[in-house]
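Here is the structure we will look at, set down as structure tokens.
The values are calculated or read from the model by the stated rules, or taken from the named source; none is laboratory data. Predicted, not measured: the structure shown is a model, and the values here were computed from it. Surface accessibility is based on the protein's heavy atoms, side chains included, excluding ligands, DNA and RNA. Shrake-Rupley method; radii C 1.70, N 1.55, O 1.52, S 1.80 Å.
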Amino acid sequence: MNKRLIIGNWKMNPSTLDEAKRIIRSMRIVATKLEHTQVVACPPYLYISNCISKKSNSVSIGSQTVSIQEGGAHTGEISPAMLKDIGVQYVIVGHSEQRASGDSDEIVSKRIIATVEAGMKAVVCIGENVRDEQGVYLDTLKDQIKRTFAGIQSKYARDIIIVYEPVWAIGAKEAMAPEQVYETSLFVKKVFSDIFSQESAMKVKVLYGGSVNFRNAGDIIRIGKVDGLLVGRESVNIPGLKELLKAVDVVVL
Ligand code: PGA
């Protein structure tokens, strides 16, 4: 069985290095006991080195974004090669919070290429801002996926993980209903298949993100039939995260 992938997006949390170390230590302890679940933590850049362990690989490390530049005079930027060199394996790309602060589909596309060319997996977020009864959001979603993957060579499809993350469900009270997660993630796969190939679409992991917590995670995996979850708030809340990981790990499909 393919392992379920749980990716924690810490965003701009926690506010101290000590707390970051505490979170990653606790994550490792729980992750070691999981059978069917692979765990990835994406701390802020500053904490990444402290979260990478030479001794334990139970939690892989990802970054929350990456520069499209290779190096040189780019103040404030971190290159793909730098991340790869210190042991980063995943990069979140196209998160709606990054899109809101200026990442166009074209830039997202460049970040995907920069990530996979450096030998890391690109965790690509897509999702509609609003949902309507008429289904216009499906066209919006399709266009966004097409633009995001337009310039990507098909050989890179295997290094892409898609996160279907409806923007209206991020930081909200409730996640999307698992039945809707199922329908929309199938739709996302279909569009991916039209862009790359049916074979790529069969292999690509599609995750769900948006207000996932320990209460709803199991159902989203079981009924939503997604390959994993991108978790925001609950990923830095250790008691909740422990329960979430256990709930996901025991789902039998
Ligand atoms: P949330 O964030 O789980 O706090 O809604 C998810 C995300 O933005 O990736």
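Averaging sequence separations of C-alpha pairs under 8 Å and six or more residues apart, then dividing by the length of the range 119-202, give the relative contact order as a whole percent.
37 percent
Take the residue pairs LYS155/LYS190; LYS146/LYS225; LYS11/LYS189; LYS84/LYS173 and return only those whose Cα atoms are more than 25 Å apart.
From the list (LYS155/LYS190; LYS146/LYS225; LYS11/LYS189; LYS84/LYS173), the Cα-Cα distance tops 25 Å for LYS11/LYS189; LYS84/LYS173.
Leaving out ligands and nucleic acids, and using a 1.4 Å probe, what accessible area per residue does the range 170-253 come to in Å²?
Per-residue value: 47 Å².
Where a ≥ b ≥ c are the square roots of the eigenvalues of the C-alpha gyration tensor, would you call the range 1-42 rounded, which needs a/c under 1.5, or, failing that, prolate if a/b is larger than b/c, or oblate?
oblate
Using a 1.4 Å probe over the heavy atoms of the protein chains, calculate the carbon and sulfur portion of the accessible area of the chain as a whole percent.
Carbon and sulfur: 50 percent of the exposed surface of the chain.
With a cut-off of 8 Å between alpha carbons and a minimum separation of six or more residues, what is the relative contact order of the chain in percent?
Relative CO of the chain lands at 20 percent.
With each run of n ≥ 4 DSSP H residues scored as -39500 (n - 2.57), what mean residue ellipticity at 222 nm is computed for the chain after dividing by its residue count and rounding to the nearest 500 deg cm²/dmol?
-12000 deg cm²/dmol
Which of the three applies to the range 115-199, rounded, prolate or oblate, going by the alpha-carbon gyration tensor with a ≥ b ≥ c and a/c under 1.5 meaning rounded?
Prolate.
Shape verdict for the range 52-111, please, from the Cα gyration tensor: rounded (a/c under 1.5), prolate (a/b greater than b/c) or oblate.
Oblate shape, in that a/c is at least 1.5 and b/c is the bigger or equal ratio.
Give me, ordered by chain and number, the residues 5 or more places off GLY8 or on other chains with an amide H under 5 Å from its own placed amide H.
When sequence neighbours closer than 5 places are left aside, the close amide H contacts are VAL40, ALA41, CYS42, VAL231.
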